[in-house]
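Let me begin by presenting the structure, written as structure tokens, before commenting on it.
The values are calculated or read from the model by the stated rules, or taken from the named source; none is laboratory data. Computed from a prediction, not measured in an experiment: that's the story for all the values here. Glycine gets a Cβ as well: all are built from the backbone with ideal geometry, and neighbour counts include every protein chain shown. Protein only, heavy atoms only, side chains kept; ligands, DNA and RNA dropped before computing areas. Shrake-Rupley method; radii C 1.70, N 1.55, O 1.52, S 1.80 Å.
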Amino acid sequence: MDWLHRFWHLALAGLDLLISIVASGHAVLYKRDSRAAIGWVGFIWLVPLVGAVTYFIFGVNRLRRRATLLRADLERYQAHPRLDQTLPKDLPRHVPVHAAHLSMLARVVGEVVGRPLLPGNSVEPLINGDAAYPAMLEAIQAARETISLETYIFDRDETGLAFARALGDAVRRGVQVRVLIDAAGLRYSLPTIRHALNREKVPNRRFLPSLVPWRATMLNMRTHRKILVTDGRVGFTGGINIRHGHRLDAHPKRPIQDMHFRVRGPVVTQLQEAFADDWLFTTGETLRGDSWFPRPEPAGRVLARGIIDGPDEDFEKLRWSILGALSISRESILIATPYFLPDQALVSALNLAAMRGVKLDILLPVNNNLPFVQWASQSMWWQVLEHGCRIWLTPPPFDHSKVMIVDQGWVLVGSANWDARSLRLNFEYNIECYDSDLACNMAALVEKKRAASHLVTLEEMDARSLPIRLRDGLARLLTPYL
């Protein structure tokens, strides 16, 4: 082994050269951002061996690859592929003259999502759990054939137990019930609600339950979707989880404001399709037939389309839809979100809209439930404030509402936030709606919040002390992971 002792340093240098070439090649080929590619290549060659190893551990995006592999065999089901749909060129006949240009947005989203825009829907806002939970429980109690429920958080508290009992009663009536809960969100309450669901004999499963350290990607890829469908005809979606904190009338210790939506009409089929795909992926059970997918009937005037988003083949579909809405806007944009950590493309699109003369207002909670997220968000506000966007801080209790309204004609509602976790890492479900009455109603609700809010100024941001600015800036470095 004398030769090894004499030439080990040459072997190590050769190994470092080979690994550095492979790592650099991977960065050049697969990093979308040229600045990130340059940074990684520089690090790989300036820090021998350690740089390349670090790149393979932290620089390679395994998340999307793993999500795609996990769901590669998933059958994307369309229950009624020949449903009546509204083509983008026909949109001006369904909306007021001032919103006719939104036909361009309908075309963009249609190209991105690959699902039809469906006429004949009603979309009704339900404010907080005070309105949402009674409506949801009423729908569960009225169900005669099927109930599908998917949620991120399902706490074992007074509200969660009421849902478990209602679902159990449905099972005893002979209703087919399926409940899918995110494995990470399930642990917000211990012991978990599954004990109560099992006691009620409610079929339930966890979404991606493996959280062992060597499979850390599972800390992402959570189902953040909130979907309830009864008898295939009445749907609920939005931002509300199942937990007592959303019941403001009960004066909980940690109250949470939010919005949910009761949906009727053909778009409910798209909600059910999203649930059926997730249930099939989790359990292998196929949900088909008229009991799960009855022939839809018109229920209103809203044109609506579901937007499925996730780190798999649906990657960045919501982000592209939002970018389309920002670029097509002409008059006004109202955004309410609890977590505001937009990437540079979204920041640029917001600024360009404001510089075109679009009145652009962003509503955020004054006190976030996640301090690191608030600090990181604050460090970015100047980037939109200096170009004419307005940021408003809504007073307590913490506002978890998620809505976007464009030109009093287009409304986006659902589960997603304006951060990387929602737009890149987790599974989300949103609905785009074209209807001036709904848009005006939603705008009035958001304007009511804005009237009680504090307007943030650029001077206010510049006046932060150096320690606060350093704190916020350091938190911003964690933006891809918050």
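A few notes on this one:
- Scanning region 18-38 for residues that are at pLDDT below 75 and under 15 Å from Val50 (Cα atoms) returns no hits.
- Any hit, region 86-97, residues being in a helix (DSSP H, G or I), hydrophobic (A, V, I, L, M, F, W, C) and modelled with pLDDT of 95 or more: no
- Candidates are the residues of region 276-308 that are among the aliphatic types (A, V, I, L, M) and either in a loop (DSSP other than H, G, I, E, B) or open to solvent by 50 Å² or more (accessible area, probe 1.4 Å) (or both); the one that is farthest from Ser321 (Cα to Cα) is Leu287.
- Enumeration of residues in region 1-17 that are more than 16 Å from Val47 (Cβ to Cβ) and at pLDDT 70 or above: Gly14
- For region 218-252, a tally of residues being part of a strand (DSSP E or B), over 19 Å from Gly160 (Cβ atoms) and touching a Lys or Arg at 6+ places or on another chain (Cβ under 7 Å) returns 1.
- Counted residues, region 42-65 - those being farther than 11 Å from Ser20 by Cβ, modelled with pLDDT of 65 or more and of a type in the set (A, V, I, L, M): 1
- Applying the criterion of being out of contact with any Lys or Arg (no Cβ under 7 Å at 6 or more places or on another chain) and among the small types (Gly, Ala, Ser) to the residues of region 374-431, the residue that is surrounded by the fewest Cβ atoms within 10 Å (Cβ to Cβ) is Gly388.
- Region 185-201 residues that are open to solvent by 20 Å² or more (accessible area, probe 1.4 Å), paired with ones that are part of a helix (DSSP H, G or I) and modelled with pLDDT of 95 or more (beta carbon under 6 Å, 6 or more apart): Glu200/Ala164; Glu200/Gly168; Lys201/Val171
- Search result, residues across region 356-373 that are part of a helix (DSSP H, G or I) and either modelled with pLDDT of 95 or more or open to solvent by 50 Å² or more (accessible area, probe 1.4 Å) (or both): Pro371, Phe372
- The lone exception for Met404 - which of (1) farther than 20 Å from Ser453 by Cβ; (2) of a type in the set (A, V, I, L, M); (3) touching a helix residue (DSSP H, G or I) at 6+ places or on another chain (Cβ under 9 Å) it fails: (1)
- Selection within region 78-100 - in contact (Cβ under 8 Å) with a residue 40 or more places away in the chain, surrounded by fewer than 17 Cβ atoms within 10 Å (Cβ to Cβ) and in contact with a helix residue (DSSP H, G or I) (Cβ under 7 Å, 6 or more places away or on another chain): Gln78, His80, Pro96
- Single residue of Asn241, Asn220 found to be under 15 Å from the mean Cα position of the chain (by Cα), farther than 23 Å from Leu363 by Cβ and either open to solvent by 10 Å² or more (accessible area, probe 1.4 Å) or modelled with pLDDT of 95 or more (or both): Asn220
- Matching residues in region 168-184 - criterion: being closer than 21 Å to Leu137 by Cβ and either free of Cβ contacts under 8 Å to residues at least 40 places away in the same chain or surrounded by fewer than 18 Cβ atoms within 10 Å (Cβ to Cβ) (or both): Gly168, Asp169, Ala170, Val171, Arg172, Arg173, Gly174, Val175, Gln176, Val177, Val179, Ile181
- Hits in region 110-135 - residues which are among the hydrophobic types (A, V, I, L, M, F, W, C) and more than 14 Å from Phe261 (Cβ to Cβ): Val112, Val113, Leu117, Leu118
- The number of residues in region 155-167 that are surrounded by 23 or more Cβ atoms within 10 Å (Cβ to Cβ) and more than 17 Å from Ile240 (Cα to Cα) comes to 1.
- Scanning region 461-473 for residues that are open to solvent by less than 70 Å² (accessible area, probe 1.4 Å) and of a type outside the set (Ser, Thr, Tyr) gives Met461, Arg464, Ile468, Asp472, Gly473.
- Verdict on Pro338 being open to solvent by less than 10 Å² (accessible area, probe 1.4 Å), at pLDDT 95 or above, part of a loop (DSSP other than H, G, I, E, B) and not aromatic (Phe, Trp, Tyr): yes
- Residue within region 231-238 that is open to solvent by 10 Å² or more (accessible area, probe 1.4 Å), out of contact with any helix residue (DSSP H, G or I) (no Cβ under 7 Å at 6 or more places or on another chain) and touching a residue at least 60 places away in the same chain (Cβ under 8 Å) present: yes
- Pro311 being crowded, with 21+ Cβ neighbours inside 10 Å, part of a loop (DSSP other than H, G, I, E, B) and modelled with pLDDT of 95 or more: no
- The listed residue being under 30 Å from Asn441 (Cβ atoms), open to solvent by less than 30 Å² (accessible area, probe 1.4 Å), aromatic (Phe, Trp, Tyr) and in contact (Cβ under 8 Å) with a residue 24 or more places away in the chain, out of Tyr152, Tyr133: Tyr133
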